[in-house]
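Enquirer: I have a structure here, written as structure tokens, and I will follow up with some questions on it.
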Amino acid sequence: MTDIRLSEVVVDRDRFRVGPVDLEIRSGSATVLLGPSGAGKTSLLRGIAGFLPLRQGAVRVDGTAVEQSPPERRGFGFVPPGLGLFPHRRVRQNVSYPLDLRGTPNARARAQRWIEHFELSELAERYPPQLSSGQRQRVAMARALAGEPRALLWDEPLAALDVESRDVLLRLLRELIEAEGIPLLLVTHDPATAFALASNVVVLEEGRVRFQGAVTALPHAPLNRFMARFLGFENLFSREELLAAGDGPLPRALLGGAGPSGIVVPEDALSWTAASSGNNLAYITSVRWAPRGWILTLRQGALAFYVHSPSDSLHLRVGDAVRLDLDRTRLRPLTAEGAS
Amino acid sequence: MTSDTVGDRGAPARRALGAVLATSLIGLFVLPIVALFLYAGYGNVATAAGSAGFRTALSFTLLASGIAVCFGILLGVPLGYILARYRFPGRSIVESIVLVPVMIPHLIVGIALLVLFAPTNPFGAWVAGLGIPIFDAIWGVVLVMVYVGASYIVLTSELAFRSVDGEAIEAARSLGASPIEAFATVTLPQAFRGIVTGSLLMWARGVSEVGGFLILAYAIYPSFPYGGPVTNTASVYIYNLYSTTGVQAAAGASALLVLVALAVFVVVRLFDRTGMAWTKVGWFA
């Protein structure tokens, strides 16, 4: 069992600072560093792996401080976003590289275990440039694991993969967590990856931790504008928008005194049906197709709401009226920018 | 829409013009060599090959150019690596300096080296004091060859090191490689082809040099490691043949020198093809 603990870790990249971060990663669990581009996820991961110096803090592996050790002594399997495969070595040689370095007896046989595990036997004599993206991801994973790392650190594991390869890799990563018990620390900008794989998540924005905890708690995390957008909430209304909307559908009373800076309307707070008259009418101002159905823009008063219609066919058009009801008990307050 | 799409009436004419221009340049490269071999004929080439003087000049040139390339690799590859990997104040100045030998006429290189290494100045006196003969000796030839050719090794190795994936180096480190092991197992193998190309260019440039040798090392007297009779470099020997005997004898020796150069080129390319199969696939094909 491996236990990795980060204490007050701060990493500087040029003039950009990431942290402080406290984190514990245990065997058999996956932790995801989540955030948009430029949030500092990669810098933090590179700091943990030993490729960026820590400004402060400690990285402990089973209680032993490793933050002063060079990358080759930390025992982490670090997979960069481009995978870092060796183009001049065949797949077999890539996988056996860490074993060859150490002069491990039976290196070839040991490498073969991982080659078979990741279904690479037929590709073993090929060079990386001859492989597809998904195959290269599997080679990178096999090579990292052949080195018997104490933890796997992977920067954007699912980037640039088609849906099928993505599903295969997710399955392999889940198996890896369950069967091998190797702790995973993954970086991604995609919340869906976090939900698919992680037990814990750290959300970074501009180098600061905005949320940290179990992935199941993420949808209920306090929302600022960044977190709300990042988690896919589309109906966000600032204090100014609500005050300017007059007596609209949303409760302006919430915004008095030291109240929230805005309101998030989760989609499950909205219900709508086709109607041409009656109360709570809204009008369709745009209709567009998305992979899982239609996205409608419904304007009610001065406010526009986005709603999804999962049906394949849609009989409504721009300009049609609908009845839009709002469950006020499901509204969520929007905290000030930067607050977590 | 590309120029090859249907309806682009000018495309065939542009393609024809491009083909004519490209063929003209290839013709300019090849025709003089063909003319040289046709003019020299087998007899003159055989005469040159049978000439003890030319054989000595040729073997001396191969020895000196081999030593020069070793120095070029020793000094040029680290500089190429530094320029590829590090940012430092004055880097662009260093890059410009690397190009200076390519731009200066090589007769002037000979004169400049003559002035620098003259025993009448302190630096020249110091070098002479070390017991390293420069004038009319193999080390003068090596010096000129390194001066006029090492830039090619620096430039090609810089490009080669630049093209090595930095993430592959980081992955190697994370997998347990020390910086030296990562250099030896990841960086160098990937940059090797560029270094070989640079070495070949430097060798070819050194062998074809004349101007610098005329000034610094016209006649070569024996000194370690060259222990043969007094000779010239092959290029100077051919120049002498042309000046004294005429174009026919010079053409025979020239054709032989071209054959030797082609043989070296072919051997290096064969090594390149068999030893570096990975460069023939995917990203590198």
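Enquirer: Got a number for residues in the range A:31-54 being in a loop (DSSP other than H, G, I, E, B) and over 16 Å from A:ILE4 (Cβ atoms)? Outline the logic, then answer.
Expert: Start the filter on the range A:31-54 by keeping residues that are in a loop (DSSP other than H, G, I, E, B), which leaves A:35-40, A:50-53.
From the residues that got through so far, the ones that are over 16 Å from A:ILE4 (Cβ atoms) too are A:35-40, A:51-53.
Final tally of qualifying residues: 9.
Enquirer: Polar (S, T, N, Q) and within 13 Å of A:VAL79 (Cβ to Cβ): is that true of A:THR188 in this structure?
Expert: So A:THR188 passes the test.
Enquirer: I would also like to ask the following. Which of the residues that make up the range A:91-103 are within 8 Å of chain B (Cβ to nearest Cβ) and at pLDDT 90 or above?
Expert: So in the range A:91-103, the residues within 8 Å of chain B (Cβ to nearest Cβ) come out as A:97-98, A:101-102.
Result: A:TYR97, A:PRO98.
Enquirer: Something else now. Does A:LEU54 meet the test of being modelled with pLDDT of 90 or more and of a type outside the set (Asp, Glu)? Even if it seems obvious, please write down each step before you answer.
Expert: Values: modelled with pLDDT of 90 or more: no; of a type outside the set (Asp, Glu): yes.
Considered against the rule, which asks whether it is modelled with pLDDT of 90 or more and of a type outside the set (Asp, Glu), A:LEU54 comes out as no.
Enquirer: Out of all the residues in the range B:198-225, which are surrounded by 20 or more Cβ atoms within 10 Å (Cβ to Cβ) and either in a strand (DSSP E or B) or hydroxyl-bearing (Ser, Thr, Tyr) (or both)?
Expert: Result: B:SER199, B:ILE220.
Enquirer: Being over 19 Å from B:GLY166 (Cβ atoms) and within 7 Å of chain B (Cβ to nearest Cβ) narrows it down to one residue among A:GLN130, A:GLN68; which is it? Give the steps one after another, and end with the answer.
Expert: Working: A:GLN68 fails: within 7 Å of chain B (Cβ to nearest Cβ).
From the options A:GLN130, A:GLN68, the qualifying one is A:GLN130.
Enquirer: Among the numbered criteria (1) within 10 Å of another protein chain (Cβ to nearest Cβ); (2) in contact (Cβ under 8 Å) with a residue 12 or more places away in the chain; (3) of a type outside the set (Lys, Arg), which one does B:SER151 miss?
Expert: For B:SER151, the failing item is (1).
Enquirer: Among the listed residues A:VAL11, A:VAL21, identify the single one that is β-branched (Val, Ile, Thr), modelled with pLDDT under 90, touching an Asp or Glu at 6+ places or on another chain (Cβ under 9 Å) and over 24 Å from A:LEU170 (Cβ atoms). So that I can check it myself, show each step before the final result.
Expert: Values: A:VAL11 fails: touching an Asp or Glu at 6+ places or on another chain (Cβ under 9 Å).
Result: A:VAL21 is the single residue among A:VAL11, A:VAL21 that is β-branched (Val, Ile, Thr), modelled with pLDDT under 90, touching an Asp or Glu at 6+ places or on another chain (Cβ under 9 Å) and over 24 Å from A:LEU170 (Cβ atoms).
Enquirer: Just checking, does the range A:79-86 include any residue being more than 8 Å from chain B (Cβ to nearest Cβ) and either over 26 Å from A:GLN135 (Cβ atoms) or of a type outside the set (Asp, Glu) (or both)? Break it down stepwise before answering.
Expert: Kept after step one, since they are more than 8 Å from chain B (Cβ to nearest Cβ), are these residues of the range A:79-86: none.
Scanning the range A:79-86, I find no residue that is more than 8 Å from chain B (Cβ to nearest Cβ) and either over 26 Å from A:GLN135 (Cβ atoms) or of a type outside the set (Asp, Glu) (or both), so the answer is no.
Enquirer: Within the range A:114-130, can you find the residues that are assigned to a loop (DSSP other than H, G, I, E, B) and within 22 Å of A:LEU176 (Cα to Cα)? Spell out the reasoning first.
Expert: Quick first cut of the range A:114-130, residues assigned to a loop (DSSP other than H, G, I, E, B) only: A:118-120, A:124-127.
Across the range A:114-130, the qualifying residues are A:PHE118, A:GLU119, A:LEU120, A:ALA124.
Enquirer: Follow-up question, since we're still on this one. What is the one condition in (1) without any contact (Cβ under 8 Å) to a residue 24 or more places away in the chain; (2) assigned to a helix (DSSP H, G or I) that A:ARG138 does not satisfy?
Expert: Among (1) without any contact (Cβ under 8 Å) to a residue 24 or more places away in the chain; (2) assigned to a helix (DSSP H, G or I), A:ARG138 violates only (1).
Enquirer: Keeping to the range A:278-299, report how many residues are without any contact (Cβ under 8 Å) to a residue 24 or more places away in the chain and either more than 30 Å from the chain's Cα centre (by Cα) or more than 21 Å from A:GLU241 (Cβ to Cβ) (or both).
Expert: 8
Enquirer: Just for strands (runs of 3 or more DSSP E) wholly inside the range A:239-296: which have at least 2 residues that are surrounded by fewer than 16 Cβ atoms within 10 Å (Cβ to Cβ) and modelled with pLDDT of 75 or more? Give the steps one after another, and end with the answer.
Expert: Numbers: elements: A:262-264, A:270-274, A:281-290.
Where strands (runs of 3 or more DSSP E) fall fully within the range A:239-296 and carry at least 2 residues being surrounded by fewer than 16 Cβ atoms within 10 Å (Cβ to Cβ) and modelled with pLDDT of 75 or more, they are A:270-274, A:281-290.
Enquirer: Continuing with the same structure: Restricting the search to the range A:144-167, which residues are in contact (Cβ under 8 Å) with a residue 60 or more places away in the chain and within 29 Å of A:THR104 (Cα to Cα)? Break it down into steps so the answer makes sense when it comes.
Expert: Going residue by residue through the range A:144-167, those that are in contact (Cβ under 8 Å) with a residue 60 or more places away in the chain are A:144-145, A:147, A:149-157, A:159.
A:ALA144, A:LEU145, A:GLY147, A:PRO149, A:ARG150, A:ALA151, A:LEU152, A:LEU153, A:TRP154, A:ASP155, A:PRO157, listed by residue number.
Enquirer: Now for a different question. A:GLY147: more than 12 Å from chain B (Cβ to nearest Cβ) and either within 17 Å of B:ASP165 (Cβ to Cβ) or in contact with a helix residue (DSSP H, G or I) (Cβ under 8 Å, 6 or more places away or on another chain) (or both), yes or no?
Expert: On the way: more than 12 Å from chain B (Cβ to nearest Cβ): no; either within 17 Å of B:ASP165 (Cβ to Cβ) or in contact with a helix residue (DSSP H, G or I) (Cβ under 8 Å, 6 or more places away or on another chain) (or both): yes.
Answer is no for this residue.
Enquirer: Condition first: within 14 Å of A:ALA146 (Cα to Cα) and in a loop (DSSP other than H, G, I, E, B). Can you find one or more residues in the range A:55-70 that meet it?
Expert: Here is the first cut: in the range A:55-70, the residues within 14 Å of A:ALA146 (Cα to Cα) are none.
No: the range A:55-70 contains no residue that is within 14 Å of A:ALA146 (Cα to Cα) and in a loop (DSSP other than H, G, I, E, B).
Enquirer: Any idea which of (1) surrounded by 22 or more Cβ atoms within 10 Å (Cβ to Cβ); (2) in contact (Cβ under 8 Å) with a residue 60 or more places away in the chain; (3) within 14 Å of chain B (Cβ to nearest Cβ) is the one A:VAL203 doesn't satisfy?
Expert: Unmet for A:VAL203, out of (1) surrounded by 22 or more Cβ atoms within 10 Å (Cβ to Cβ); (2) in contact (Cβ under 8 Å) with a residue 60 or more places away in the chain; (3) within 14 Å of chain B (Cβ to nearest Cβ): (3).
Enquirer: Then there's this: Can you tell me which condition B:ASP136 does not meet? The list is (1) over 21 Å from A:PHE86 (Cα atoms); (2) over 23 Å from the mean Cα position of the chain (by Cα); (3) not in a helix (DSSP H, G or I), and all the others hold.
Expert: Among (1) over 21 Å from A:PHE86 (Cα atoms); (2) over 23 Å from the mean Cα position of the chain (by Cα); (3) not in a helix (DSSP H, G or I), the lone unmet condition for B:ASP136 is (2).
Enquirer: Only one of these conditions is not met by B:THR197: (1) among the hydroxyl-bearing types (Ser, Thr, Tyr); (2) under 19 Å from the mean Cα position of the chain (by Cα); (3) within 14 Å of chain A (Cβ to nearest Cβ). Which number is it?
Expert: So the condition that B:THR197 fails would be (3).
Enquirer: Could you figure out which of (1) over 22 Å from B:ALA64 (Cα atoms); (2) outside any helix (DSSP H, G or I) isn't true of B:LEU270?
Expert: The single condition B:LEU270 does not satisfy is (2).
Yes/no matrix, rows are residues, columns are (1) assigned to a helix (DSSP H, G or I); (2) at pLDDT 85 or above; (3) away from chain A (no Cβ under 14 Å); (4) surrounded by fewer than 16 Cβ atoms within 10 Å (Cβ to Cβ):
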{"residue": "B:VAL236", "(1), (2), (3), (4)": "yes, yes, yes, no"}
{"residue": "B:TYR239", "(1), (2), (3), (4)": "yes, yes, yes, no"}
{"residue": "B:SER243", "(1), (2), (3), (4)": "yes, yes, yes, yes"}
{"residue": "B:GLY252", "(1), (2), (3), (4)": "yes, yes, yes, no"}
{"residue": "B:LEU257", "(1), (2), (3), (4)": "yes, yes, yes, no"}
{"residue": "B:VAL266", "(1), (2), (3), (4)": "yes, yes, yes, yes"}
{"residue": "B:TRP278", "(1), (2), (3), (4)": "yes, no, no, no"}
{"residue": "B:TRP283", "(1), (2), (3), (4)": "yes, no, no, yes"}
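Enquirer: Going by what's in this entry, would B:ALA261 be described as touching a Leu at 6+ places or on another chain (Cβ under 6 Å), modelled with pLDDT of 90 or more, farther than 30 Å from A:ARG102 by Cα and in a helix (DSSP H, G or I)?
Expert: Numbers: touching a Leu at 6+ places or on another chain (Cβ under 6 Å): no; modelled with pLDDT of 90 or more: yes; farther than 30 Å from A:ARG102 by Cα: yes; in a helix (DSSP H, G or I): yes.
No, not satisfied.
Enquirer: Restricting to the range A:151-160, count the residues that are farther than 24 Å from A:GLN93 by Cβ and either crowded, with 18+ Cβ neighbours inside 10 Å or not hydrophobic (A, V, I, L, M, F, W, C) (or both).
Expert: 3
The values are calculated or read from the model by the stated rules, or taken from the named source; none is laboratory data. If you're wondering where the values come from, they're calculated on a predicted model, not measured in any experiment. Backbone-built Cβ (ideal geometry, glycine too); neighbour counts: all protein chains shown.
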